[in-house]
Structure formats: structure tokens, C-alpha cells
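Single-structure report; data block below.
The values are calculated or read from the model by the stated rules, or taken from the named source; none is laboratory data. Note that the structure is predicted; figures quoted are calculated from it, not measured. Every residue, glycine among them, receives a Cβ derived from its backbone with ideal geometry; neighbour counts consider all protein chains shown.
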Amino acid sequence: MTGSDHPDEPAIGPTASFGFNLAKIPDHGEDSDPILRDGPDLGIVVVFDGMGGAGGTVYTTDDGSRSGAYIASRIARDVVEERLLALLAPERPMPGEATATELHDAIETALQQKLQDLKAPASGLRSRLLRALPTTMAVGVLQRREPESAEWICHVLWAGDSRVYAFTPSGMHQLSIDDLRDEGDAMANLQHDSVISNAISADTDFAVNHRRVMLEAPFFIVSATDGCFGYLRSPMHFEEVVLRSLASSATEEEWSTALQAEIAAVTGDDAAMATIAVGADLPMLRELYGPRLAELDADYTAPMDELLDEVTRAEQRLVEAQLRRDSDTAARWRRYKSGYEQYLREGTDSESEIADDVPQRRIWNPAKPIATGVATASGETATPADAPEEAVR
């Protein structure tokens with residue numbers, strides 16, 4: 001399927017694009033601005049997520065105090081943009097594996113040089129989680145397969161857990177593979193956040209992964225850091241947010257603004273995204289993706305939200321019942337306590353006067369036999385003869 005109504009007309013290329021970078025702390029966001037470039041037969045979407053936990057070391061720079069994560073994402077961005085623009089040409093297929101190697105070497109060299117320039121003292125801490133100038137990267141490179149063709153080659157290059165997605169009228173498709181220590185799919189990682197197993201840095205080995213995927217227009221491609229998708233209830237909810245913002249927008253600027261508002265309302269992290277649509281203009285995209293949005297709501301997100309709301313209400317009722325139980329128990333104990341502690345309070349001790357001429361009487365009754373045995377599952381007591389052999393030894 002192409003964006004043209006007439007098969008003899010050339011398939012149109014990129015039609016809409018936008019990018020944004022939302023920082024939780026103004027001027028200190030550790031995601032860099034995304035790379036977003038498009039032409040009639042080419043497209044580039046790239047994001048970088050400086051890893052604040054692993055790269056929290058603060059350095060003094062000409063731009064003020066900056067974390068290693070902040071510095072890393074921006075250096076990597078500059079290197080990758082320069083290299084990709086030099087490599088890409090419509091008439092020259094991009095060599096995917098060679099490009100991955102070239103990007104790796106160029107980023108590594110730039111980060112190591114920057115680390116030397118910062119003259120940072122060596123850290124006394126030793127941990128696999130600590131890295132110098134660490135960042136993720138997710139690259140989507142679009143190249144039309146042949147002139148005027150509706151088929152596009154998408155080169156996906158990445159390190160870490162930032163992602164590249166393709167959105168087609170049939171659904172959202174993850175193209176990059178998360179570099180995570182624990183095995184699991186996208187839903188599992190939302191529920192149990194895993195440690196990143198491979199990320200760009202100046203002082204540890206890393207890999208730039210590569211995949212090649214064929215796409216047929218119309219579609220749109222998204223590169224996003226985890227602040228965009230990692231705080232929603234499910235991958236289905238992320239797809240719905242992207243399509244809902246598209247459905248309500250008349251321009252690409254409105255689409256971007258609506259999507260930023262949706263993400264900012266839920267995210268707990270910086271969030272960067274770059275998007276390019278191919279093969280259909282915005283009105284056609286809204287028409288093409290309308291049925292998919294309705295399907296998502298009916299079959300996935302609405303039922304999930306309804307059940308989650310039911311669980312939330314049940315949990316609230318449980319909390320209220322526990323509070324009532326605690327209050328009732330405390331009140332009953334206060335009433336009971338007075339008699340229970342009667343002989344523990346001061347002034348209740350007394351010495352008994354024992355007469356010297358008390359007649360002799362029996363003091364103790366004969367001792368009673370003590371029943372012995374093994375407690376059974378029913379709560380009864382088995383005699384030694386009925387007990388398991390190991391219990392009576």
C-alpha cells in the first residue's frame with residue numbers, strides 16, 4: 001500500500017516529522033536533543049539517554065557543572081549526526097554492519113578524549129554499575145529501496161534500552177532489542193525494571209547492535225528514550241497515546257504538542273523522541289490509523305484500565321477495612337485492659353497473714369498423667385502407636 005491514489009504516480013516519501021526533548025529539571029536533562037533529518041528518499045531518527053544512575057559523577061565544564069550522563073549523550077549525538085550525514089546518500093545503500101562499527105569507534109574515541117580533557121580524578125568506587133560518560137542510543141535510518149518505490153529499508157542501530165518502533169496500520173512494532181541483563185519481554189520489563197547490560201561509555205566495552213528491517217509505506221517510525229514509554233501501564237498504552245495524539249491533531253506541531261502533554265503527565269524521567277511519517281500525509285494518517293486506535297481501546301486498554309480500576313477500588317476498601325479493624329481492636333483492648341491488668345497496677349499487692357494454728361491438711365492432689373502424641377493435620381492428637389515412625393523415635 002502506498003500513499004498515492006494512483007499506481008502510476010511515484011510513492012511519496014517523508015510527509016510529517018517532529019522531535020522533542022522533555023527535561024524533568026530545566027537545563028539539566030540528561031537526554032540530548034534527538035537527531036531528526038529527512039529527505040525525499042532518506043530519513044534519520046536518533047535519541048540518546050544519558051544514564052544518570054551510572055553516570056552521576058559531576059564534572060566542572062565551561063558550561064557549568066554537568067553530570068557525566070549529560071555530557072555523554074550530547075557528545076554521542078554530535079558524533080553520530082556528523083557520521084550519518086557523511087555516510088548516507090539516496091543512491092548508495094548504507095552498509096549496516098560497517099556503519100555500526102564506524103559509529104562505535106568514533107563515539108568511543110570522542111568519549112575517551114572528553115574524559116581525558118575533563119581531568120577527572122579516578123574514583124575509588126568499584127562497581128559494574130558505575131561508568132564514565134554513559135549513554136544509550138537508538139538509531140533508525142530510512143532509505144528508499146528503489147527510486148519511487150513504496151518499500152523502505154530501515155537500519156536499526158542501538159545500545160541500551162532506548163527503542164526504535166515502526167507504526168503501521170496493523171499496529172506498533174518494536175525494531176530494536178533491549179540490552180538488558182534479565183531476559184523478558186517489553187511487558188515484563190515494565191513490571192520488573194532490569195539492569196542495562198550494554199551501553200555506550202568511555203571506560204567500558206560496548207557494542208553498537210544492528211538490524212535491517214523492510215517496511216512498506218505508509219508507516220511512521222519513532223525513536224524514543226524510556227521516559228516516553230517506560231511509565232505507562234503497557235506497550236499497548238504507549239501505542240494508544242501516540243495514536244490518540246495523532247487523531248486529535250491537524251498539524252505535525254499539534255501532534256507533537258499533544259503527545260508531549262500525554263507523556264509529561266505520567267513520566268518520571270527525561271523523555272526524548274523523534275518521528276518521521278512516510279507515504280501518507282497527516283489527514284490520511286489519521287484515517288489509516290483510526291481503526292487501529294478503536295481496536296486498541298476496545299480490545300486492550302479499556303478492559304485493562306477497567307480491571308485495574310477495580311483492583312484499585314478493592315485495595316482501597318481493604319485499606320479502609322484494615323483501619324476499621326485496627327480502631328476496633330484498640331477500642332476493645334482499652335475496655336478489656338482494665339480488668340486484665342488489675343493485679344499488675346501499684347497498690348494491689350498484699351501480704352496474707354497465716355495463722356500458726358492452721359490444722360494439717362492435704363496440700364497436693366495426686367499428679368495426673370500427661371497425654372503425649374503427635375499433632376495431626378486435622379488438629380487432633382495421635383497416640384504414639386499412630387504416629388509416624390520418625391516422629392516417635
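Data overview
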item: Every residue from segment 155-208 that is on the phi > 0 side of the Ramachandran plot and either touching a residue at least 24 places away in the same chain (Cβ under 8 Å) or assigned to a strand (DSSP E or B) (or both); result: GLY160, GLY171
item: Identity of the residue in segment 245-261, surrounded by 19 or more Cβ atoms within 10 Å (Cβ to Cβ), out of contact with any strand residue (DSSP E or B) (no Cβ under 6 Å at 6 or more places or on another chain) and not aromatic (Phe, Trp, Tyr), that ends up nearest to GLY52 (Cα to Cα); result: LEU259
item: Enumeration of residues in segment 213-237 that are outside any strand (DSSP E or B), of a type in the set (A, V, I, L, M, F, W, C) and more than 13 Å from MET273 (Cα to Cα); result: ALA217, LEU232, MET236
item: Residue list for segment 44-63, restricted to those being at pLDDT below 95 and among the aromatic types (Phe, Trp, Tyr); result: TYR59
item: Residue match in segment 81-98 (condition: basic (Lys, Arg) and either loosely packed, with under 15 Cβ neighbours inside 10 Å or touching a strand residue (DSSP E or B) at 6+ places or on another chain (Cβ under 8 Å) (or both)); result: yes
item: Flag if SER17 is at pLDDT 95 or above, buried (at least 19 other Cβ atoms within 10 Å of the Cβ), polar (S, T, N, Q) and under 13 Å from ALA272 (Cβ atoms); result: no
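Results for (1) at pLDDT below 95; (2) under 19 Å from VAL208 (Cα atoms); (3) among the acidic types (Asp, Glu), shown as yes or no for each residue.
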residue: SER65; (1), (2), (3): yes, no, no
residue: ALA86; (1), (2), (3): yes, yes, no
residue: ALA100; (1), (2), (3): no, yes, no
residue: LEU115; (1), (2), (3): yes, no, no
